[in-house]
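These notes concern the structure reproduced below.
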Amino acid sequence: MKTFNLHVQSATQYVYADNVISFVGEDSTGSFGILANHERMMTAMDYGLARYQLQDGGWIYLGLPGGILYFANNHLYLSTRHFLQDKDYQRISKGLLEQLLKEEEALRELKDSLAHLEQEMFRRLWQIGHLTTQTV
């Protein structure tokens, strides 16, 4: 069976796998698969799980917050902010959910902070405007 090479990379991690039989991922158009000798392609991956199968038949799962996938010359390159990798589907699903919840909480805190900053800026602008009208 024909195989290809896989490179998964983030700012702090790099995984290389050779003898990959297939890759299954998801982008905005839906789920797709890649086999050896696929034509050149590039796509933006969606948040979620992807997986690849090695020649020995085992599947390895990747949890990622999206990323860019590029396939050319029998090499698949997947670049993302960070990723989880595991052979156990249940464990990686749980890890991905925990990561998603942490990111949602961080985003909520950021939005709250920005709203507070905006309110404070308007209050100060009002004070400046109020002071200038009193001195005139």
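The table for this structure:
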read-out: FRET E, pair K87, L110, Förster distance 41 Å, beta-carbon r, rounded to 0.05; value: 0.75
read-out: Rounded to the nearest 10 Å², the accessible area of I68 at probe 1.4 Å; value: 80 Å²
read-out: Full-stretch length increase - M121, D56 - with 0.36 nm per residue and alpha-carbon distance subtracted; value: 17.3 nm
read-out: Spacing of the two label points (7 Å from each Cα toward its C-beta) at N5 and D18, in nm; value: 0.7 nm
read-out: In the stretch 1-67, the trypsin sites (Lys or Arg not before Pro) that fall in loop regions by DSSP, at most 13 other Cβ within 10 Å; value: K2, R40
read-out: Rounded to the nearest 20 debye, dipole of the chain from Cβ charges on Lys, Arg, Asp, Glu; value: 140 debye
read-out: Gaussian network model of the chain, springs between alpha carbon atoms under 10 Å - residue of L125, L101, L114 with greatest fluctuation; value: L125
read-out: Cβ-derived FRET efficiency at R0 22 Å, Y47 paired with A72, nearest 0.05; value: 0.35
read-out: Helix axis angle, 89-135 relative to the chain longest principal axis, alpha carbon, degrees; value: 20 degrees
read-out: Accessible carbon and sulfur surface of the chain relative to its total accessible area, %, 1.4 Å; value: 56 percent
read-out: Cα centroid separation, the stretch 114-129 to the stretch 1-56 (Å); value: 48 Å
read-out: Rounded accessible area of K87 (nearest 10 Å², 1.4 Å probe); value: 150 Å²
read-out: Shape metrics for the chain, restricted to C-alpha atoms - Rg then Dmax, Å; value: 22.9, 85
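The values are calculated or read from the model by the stated rules, or taken from the named source; none is laboratory data. It should be emphasised that the depicted structure is a prediction, and the values quoted were computed from it without experimental measurement. FYI the Cβ positions are ideal-geometry reconstructions off the backbone, even for glycines, and counts take in every protein chain you see. Keep in mind that these areas ignore ligands, DNA and RNA; they rest on the heavy atoms of the full protein, side chains included. Shrake-Rupley method; radii C 1.70, N 1.55, O 1.52, S 1.80 Å.
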